[in-house]
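The values are calculated or read from the model by the stated rules, or taken from the named source; none is laboratory data. These numbers come from a predicted model, not from an experiment. Note: ideal-geometry Cβ built from the backbone for every residue, glycine included; neighbour counts use all protein chains shown.
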Amino acid sequence: MTGYLFVLPALIAMSVFVFWPVGYSFYLSFFNWNYAHLKSPEFIGLGNYIQLFQLDSPPPYSFYKALAYSAVYISMTILIAYSIFLIAQLVSQKKYKFVDTFYILGSSTIGILFLKSTIDHLQQRPYLSIPFVIIALGLMMFKKRSFVSSMIEHGLLLTITLIISYVFLRFMFSSPYGVYQWLNIVKDKGDFVKSLWNTAYYVILYVPLNITLALFTALLLSRLKWFKAILRTSYFMPFVTSVVAISLVWQWIYNNQFGLLNYALSLMGLPKEAWLKNEIWTIPTIAIMSIWKTIGYNAIIFLAGLQSIDKFYYEAADIDGATNTQKLFYITWPLLSPMTFFVLIVSVIGAFKVFTEVYVLYQGVPGPYNNSGLTIVYYIFNTFYGDQQMGLASAAAYVLFGIILFFTLIQFRASRKKVEYV
């Protein structure tokens, strides 16, 4: 009872300022609550959630047809990747299993022979994608085989193989249809869908680059002997600086006439670029600025993890003749997995909530034109304060909450096997 009494003041404050507003906003997301219905919200059920995903005009073809095309390409990509790794094993080890070889190489050969005719008729017969999916899913029976384990161990090589195989298939057996192509069309037919697209683009750019550069910075800082404290402070300073101040500085850096970035390009003989006036560069400019701001914080986290790794691991590796690259991938990186997991969780959540950088950098508008900088939080802000549609904004906020919760749960699930606590 004494413990509950001690935490009671904090629970009361959180209930008033956190739990009650969160719960009430969820309740109001089912109401038509705007300026016209301010005192008497009208219950509309899931109407707000449906309105978020409504399009101004229908897409030229259905999502199911787009999914059928992508399913064929992805299935063939998996088959080709398996075939490449299997052939590499046959050449290197000079041994094979008849069932594995027959299934993988046979299905890949048959798939490529019928791929062109399948893609040509897929528009009228989407069900033709089903055999390709079944064949690709059939590879799950090889999950415990040794060559599949070796594929997983060579994760980087596997990723490169998958990317090259997919690009090769899209180029050799080209078609204008697919999930990405469908989303690229749909994103301009609804503001909320456009905000989902822009936010996903930002997350894909920001999170991997931020973690990679932060780790690289931490590795450099850990090797320095002189001015280590000064450099740590200089890298950390942008994180504690106001986002508004940083955005104003980068607004000058991106200036198309007098900006520092264009000045550097002119010194190299390259043409100047209108960074803040071209919609193609809207999300990349925001991502670059955000990475510069947060890289110091993540580097400090990684640096703390590097200092906690016992030196006897590296001494044992030196005795075994391990190279620096082997030490990085087999000692440093696995033992940094708790820090990587923490940085990944924080970075993903922060990336989905990007708003201030867009608002200040583009002076209160979501990008130069065509809503190129409209993120989910910016959409919520515009819908609530600009359009006075508070119920619709609450629904959008809970869609964002669901997205963040979904990716967070996936990361926690993956961390059970990948994160190593020493």
Checklist entry - With respect to Gln251, is the statement that it is at pLDDT below 85 and within 19 Å of Trp281 (Cβ to Cβ) true? => result no
Next on the checklist: Pairs needed: first member in region 46-66, within 25 Å of Ser29 (Cβ to Cβ); second member anywhere, assigned to a loop (DSSP other than H, G, I, E, B) and at pLDDT 90 or above; C-beta distance under 6 Å; at least 6 residues apart or different chains.
Outcome noted: Asn48/Ser29
Checklist entry - Inside region 335-375, can you point out the residues that are in contact with a Gly (Cβ under 9 Å, 6 or more places away or on another chain), in a loop (DSSP other than H, G, I, E, B) and buried (at least 17 other Cβ atoms within 10 Å of the Cβ)? => result Leu336, Tyr362, Pro366, Gly367, Gly373, Leu374
Item to check | Criterion: out of contact with any Leu (no Cβ under 8 Å at 6 or more places or on another chain), closer than 30 Å to Ile135 by Cα and free of Cβ contacts under 8 Å to residues at least 60 places away in the same chain - qualifying residue of Val16, Val91 | outcome: Val91
Next on the checklist: When you check Ala393 against the structure, is it among the aliphatic types (A, V, I, L, M) and in contact (Cβ under 8 Å) with a residue 60 or more places away in the chain, yes or no?
Outcome noted: no
Next on the checklist: Need pairs with beta-carbon distance below 6 Å; first residue of a type in the set (S, T, N, Q) and within region 398-422, second surrounded by 12 or more Cβ atoms within 10 Å (Cβ to Cβ) and modelled with pLDDT under 85; sequence gap 6+ or separate chains.
Outcome noted: none
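Residue by residue, here is whether (1) at pLDDT 90 or above; (2) buried (at least 18 other Cβ atoms within 10 Å of the Cβ); (3) closer than 30 Å to Phe168 by Cα; (4) of a type in the set (Asp, Glu) holds:
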| residue | (1), (2), (3), (4) |
| --- | --- |
| Val16 | yes, no, no, no |
| Trp33 | no, yes, no, no |
| Tyr64 | no, no, yes, no |
| Ala81 | no, yes, yes, no |
| Gln93 | no, no, yes, no |
| Tyr96 | no, no, yes, no |
Checklist outcome for this item: When Lys311 is run through (1) within 16 Å of Trp197 (Cα to Cα); (2) of a type in the set (D, E, K, R); (3) modelled with pLDDT under 90, the failure sits at (1)
Checklist entry - Is region 166-178 home to any residue that is farther than 21 Å from Leu328 by Cα, of a type outside the set (Asp, Glu), in a loop (DSSP other than H, G, I, E, B) and in the same structural domain as Thr383 (by TED's automatic domain parsing)? => result no
Checklist entry - Residue check: is Leu405 surrounded by 14 or more Cβ atoms within 10 Å (Cβ to Cβ), assigned by TED's automatic domain parsing to the domain that holds Leu205 and out of contact with any strand residue (DSSP E or B) (no Cβ under 6 Å at 6 or more places or on another chain)? => result no
Checklist outcome for this item: If we ask which residues in region 66-79 are surrounded by fewer than 19 Cβ atoms within 10 Å (Cβ to Cβ) and small (Gly, Ala, Ser), their number turns out to be 1
Next on the checklist: Consider region 256-283. How many of its residues are over 21 Å from Asn370 (Cβ atoms) and not hydroxyl-bearing (Ser, Thr, Tyr)?
Outcome noted: 14
